[in-house]
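Some notes on the structure that comes next.
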Amino acid sequence: MSTLLANFTEPSPSSLLLLGQGRDLASERGVECAGELPAPSDPDLVERARAARAALGDRAFVLGHHYQRDEVIDFADVTGDSFKLAREAAARPEAEFILFCGVHFMAESADILTSDAQQVVLPDLAAGCSMADMAAIHQVDEAWAVLEDLGIAGDTIPVTYMNSSAAIKAFTGRHGGTVCTSSNAEVALRWAFDQVGGVDGTGKVLFMPDQHLGRNTAVLKLGLPLEACVVFDPRKPNGGLTDAELRDARVILWRGHCSVHGRFSVQNVHDIRAAVPDVNVLVHPECKHEVVTAADYVGSTEYIIKMLDAAEPGSSWAIGTELNLVRRVAREHPDQNVHYLDSTVCFCSTMNRIDLPHLVWAMESLVAGRVVNRIVVDPDDAHWARVALDQMLALPGI
Ligand code: SF4
C-alpha cells in the first residue's frame, strides 16, 4: 500500500465543510448550496442572465464586490468594497431584492442596514470568509471573560473589522465599540482609545479578527510600539498570553488573518523590485506588517483603485491584493505596467464560489417567485450590530 493510501482516513466533518459539502449555518464557510444550478458550459448562460435581470428590473439590485469574477461583475449595478456596497444597498429602499455578489458577512451587513421589507440573497451560501470564520462568538465571549477576570475589560474597547460575522459586530455594539473598515481603521482606533484615556493613556483596544490590519494601523498610523500589540490565540488558555502580557498590552489583536493577503511575503517585494525597475509596490493593509513596511504604499481596495486611476502613464506597479481586482485594474490601465505581487495565483476561493451559474439560478428563482439563499440576521444581533455600525458612521470624516 502506498504511504498516501495508508494515511487515508475518512473525511472529518470539517474537511467536508471545507469542500462546501457539509451544512453548518453557524459557519462563514462551507455551508452547502442546494439548488438546480445551470451547467457552467450552458451556451445560453449569459442570455439567461440578461433575461432574468431584465425580468426583475427595479425589483432587484445587484451588488458586486471588487474581488468577484468578471462574469459576475458584468451584471452588477454597482461595484465596491464591503462598506460601500452595504451603504449602496441601504440607499435602495425601492429594491425588493438585494442580490449580494460577495461573501456571507457582507450580505449580513446589507440585511442589517436595509429595511425589513427588503430581502438579501447570497447566490451561493458557501461563499464565506475564512478571516471572519476565525472569530466565533463563543470564542470572543470566552476571551472577554478572561479580560473581565483580570479586571481589564472595563478599560478595553472592542473594535471589529467589517470582515466579521453579525454576531461579532453585535458583541462589539453591546460593549460600546465600533466597526471599522480598512479605509477608516485609524480613525476608529483613535476614537476607541479616546473612550479609555487616549492613545497615550493606559486603556486598551481588542481588535478583531484581522491581526494584521490592527497591528499595521496601531504601529504605522498611531505610532504605538510593536511590543504594545499582543496576539490573543482563542485556541489557547488565556489566549496563549500571561496575565502580565495582557495587562501591559495596549492593543489585543485577535489571531485571525486573510488567507489571500496573508500569502504575500517580503521575498515577493524583493523579487519584484529586482525584476522591474522603478516599480511602485502597493499593498492592502491586511498584508503582514513586514510586507507593508517593505512596500511603497498601503491602502484599502478603493485606495488601490484610486492610486492606479491617478498614476502616471508608463509607471510600473506591483499590487498585493486579490487577483480578480488586480487583473481588472491592469485591463483598465493598459498604459501602465501592472504586475501581481505574488507569482502564484491568489484568488479568494470563497469569493470565487459566486459564479454565473449561481447568479443565474438565484435570479431565475426570484423571477419564478422563489426567494433562495436569503440571509437573515437574528433581530437582537441585528440591533446591536447596527449600534456598532452606526458608531462607525458617526466617526469623524466618514
Ligand atoms: S479576500 Fe480575505 S478577507 Fe476578503 S473575503 Fe476573501 S478571505 Fe475574507
For residues that are surrounded by fewer than 23 Cβ atoms within 10 Å (Cβ to Cβ) and within 16 Å of the ligand (Cβ to nearest atom), scanning just region 254-270, find the one that is farthest from VAL291 (Cα to Cα). ARG255
Note down all Cβ pairs under 7 Å where the first residue falls in region 331-348 and is on the phi < 0 side of the Ramachandran plot, the second is of a type in the set (Phe, Trp, Tyr) and in a loop (DSSP other than H, G, I, E, B), and they're at least six residues apart or on different chains. LEU341/PHE264; ASP342/PHE264; CYS348/TYR67
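Looking at this structure, is THR202 in a loop (DSSP other than H, G, I, E, B) and hydroxyl-bearing (Ser, Thr, Tyr)?
yes
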Can you tell me how many residues within region 131-170 are within 16 Å of the ligand (Cβ to nearest atom), in a helix (DSSP H, G or I) and touching a Pro at 6+ places or on another chain (Cβ under 9 Å)? 4
When you scan region 157-188, how many residues do you find that are touching a residue at least 60 places away in the same chain (Cβ under 8 Å) and either closer than 14 Å to ARG215 by Cα or of a type outside the set (Lys, Arg) (or both)? 21
Yes or no: region 129-144 includes at least one residue that is under 27 Å from ASP355 (Cα atoms), in contact with a strand residue (DSSP E or B) (Cβ under 7 Å, 6 or more places away or on another chain) and of a type in the set (Ser, Thr, Tyr). no
Can ALA295 be described as buried (at least 17 other Cβ atoms within 10 Å of the Cβ) and without any contact (Cβ under 8 Å) to a residue 40 or more places away in the chain? yes
Has region 26-36 got at least one residue that is at pLDDT 90 or above and under 23 Å from CYS348 (Cβ atoms)? no
In the set GLU322, GLU332, the lone residue that is more than 20 Å from LYS221 (Cα to Cα) and within 16 Å of the ligand (Cβ to nearest atom) is GLU322
When you scan region 64-130 for strands (runs of 3 or more DSSP E) that lie fully inside it, which ones turn up with 3 or more residues that are buried (at least 24 other Cβ atoms within 10 Å of the Cβ) and either in contact (Cβ under 8 Å) with a residue 40 or more places away in the chain or within 12 Å of the ligand (Cβ to nearest atom) (or both)? 97-101
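Matching residues to (1) on the phi < 0 side of the Ramachandran plot; (2) charged (D, E, K, R); (3) touching a helix residue (DSSP H, G or I) at 6+ places or on another chain (Cβ under 8 Å); (4) buried (at least 21 other Cβ atoms within 10 Å of the Cβ):
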{"residue": "THR172", "(1), (2), (3), (4)": "yes, no, yes, yes"}
{"residue": "GLY176", "(1), (2), (3), (4)": "no, no, yes, no"}
{"residue": "CYS180", "(1), (2), (3), (4)": "yes, no, yes, yes"}
{"residue": "ALA185", "(1), (2), (3), (4)": "yes, no, yes, yes"}
{"residue": "ALA192", "(1), (2), (3), (4)": "yes, no, no, yes"}
{"residue": "ASP200", "(1), (2), (3), (4)": "yes, yes, no, no"}
{"residue": "ARG215", "(1), (2), (3), (4)": "yes, yes, yes, yes"}
{"residue": "ILE252", "(1), (2), (3), (4)": "yes, no, yes, yes"}
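Can you pull out the residues in region 217-232 that are part of a loop (DSSP other than H, G, I, E, B) and either of a type in the set (Phe, Trp, Tyr) or surrounded by fewer than 19 Cβ atoms within 10 Å (Cβ to Cβ) (or both)?
Selection gives LEU222, GLY223, PRO225.
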Look through region 321-373, keep the residues that are of a type outside the set (Ser, Thr, Tyr) and touching a Gly at 6+ places or on another chain (Cβ under 6 Å), and return whichever of them is farthest from ALA311 (Cα to Cα). TRP361
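The values are calculated or read from the model by the stated rules, or taken from the named source; none is laboratory data. Keep in mind that what you see is a predicted model, and the values were worked out from it rather than measured. Cβ: placed from backbone, ideal geometry, glycine included. Neighbour counts: every protein chain shown.
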